[in-house]
Amino acid sequence: MQRIGETMKNIILIGMPGTGKSVVGRALAERLRYEFVDVDDLIIEAAGEETLADVLRKRGVNDFLSLESKVAETLNIENTVIATGGSMVLSDRAMSHLKENGIAVWLETPLSQISQRMPDDLSDRAIAAPANMTLRDIYEEREGLYAQYADLIVASRDGEHATAQQVEEVMRTVGMRL
């Protein structure tokens, strides 16, 4: 566990939409006594909208991705679990900035599991991708980027507390101090 006054790195959760980054992030932050930040909430706030879908619908994919990157690049926090949007890995600048003071953990989830969690109409889920892309297309486009940026890969489990515990165990196993 962290010592009082000691600065610890952030834990950056990356992965596809529907992997549970937000709920796992909250559970992990609670377990570790870290702060929690959901980048999607910061994007909504920066855009002055009600929902992420509103931001995406009004701004379009390219402007949304630009705003997402800018929001991430302005984060200067410590001792925080950061749940990124699934598209964060599309911005090298944002990921590089986040990783300056953080450990990126890919919550790897099989496409079949993600498909079960997603609505038929992906626009309801506010996924930053062209309208003609299928969930499979998005997964295939991003899978290599998740692997590229991940310091650790954790297989998503059933339930956010089980996955949060798995993240914590993997970090301890590889010798990362929490």
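Structural remarks
- Residue check: N132 meets all listed conditions (1) surrounded by 13 or more Cβ atoms within 10 Å (Cβ to Cβ); (2) more than 22 Å from I11 (Cα to Cα) but one, namely (1).
- Test: residue in region 98-112 that is β-branched (V, I, T), in a loop (DSSP other than H, G, I, E, B), touching a residue at least 40 places away in the same chain (Cβ under 8 Å) and within 18 Å of Y139 (Cα to Cα): yes
- Residue in region 12-20 that is in contact with a helix residue (DSSP H, G or I) (Cβ under 9 Å, 6 or more places away or on another chain), over 21 Å from T134 (Cα atoms) and open to solvent by 10 Å² or more (accessible area, probe 1.4 Å) present: no
- Qualifying residue in region 29-50 (condition: more than 23 Å from V105 (Cβ to Cβ), open to solvent by less than 50 Å² (accessible area, probe 1.4 Å), outside any loop (DSSP other than H, G, I, E, B) and in contact (Cβ under 8 Å) with a residue 12 or more places away in the chain): yes
- Neighbours by Cβ (under 7 Å, 6+ apart or cross-chain): first from region 157-172, surrounded by fewer than 17 Cβ atoms within 10 Å (Cβ to Cβ); second in a loop (DSSP other than H, G, I, E, B): R172/L178
- Candidates are the residues of region 74-91 that are open to solvent by 50 Å² or more (accessible area, probe 1.4 Å) and more than 15 Å from D41 (Cβ to Cβ); the one that is nearest to the chain's Cα centre (by Cα) is L90.
The values are calculated or read from the model by the stated rules, or taken from the named source; none is laboratory data. Quantities reported herein were computed from a predicted structural model and do not represent experimental measurements. A quick note on method: Cβ atoms are made from the backbone with ideal geometry, for glycine too, and the neighbour counts reach across all protein chains shown. Note: accessible area is taken over every heavy atom of the protein model, side chains too, but ligands, DNA and RNA are not part of it. Shrake-Rupley method; radii C 1.70, N 1.55, O 1.52, S 1.80 Å.
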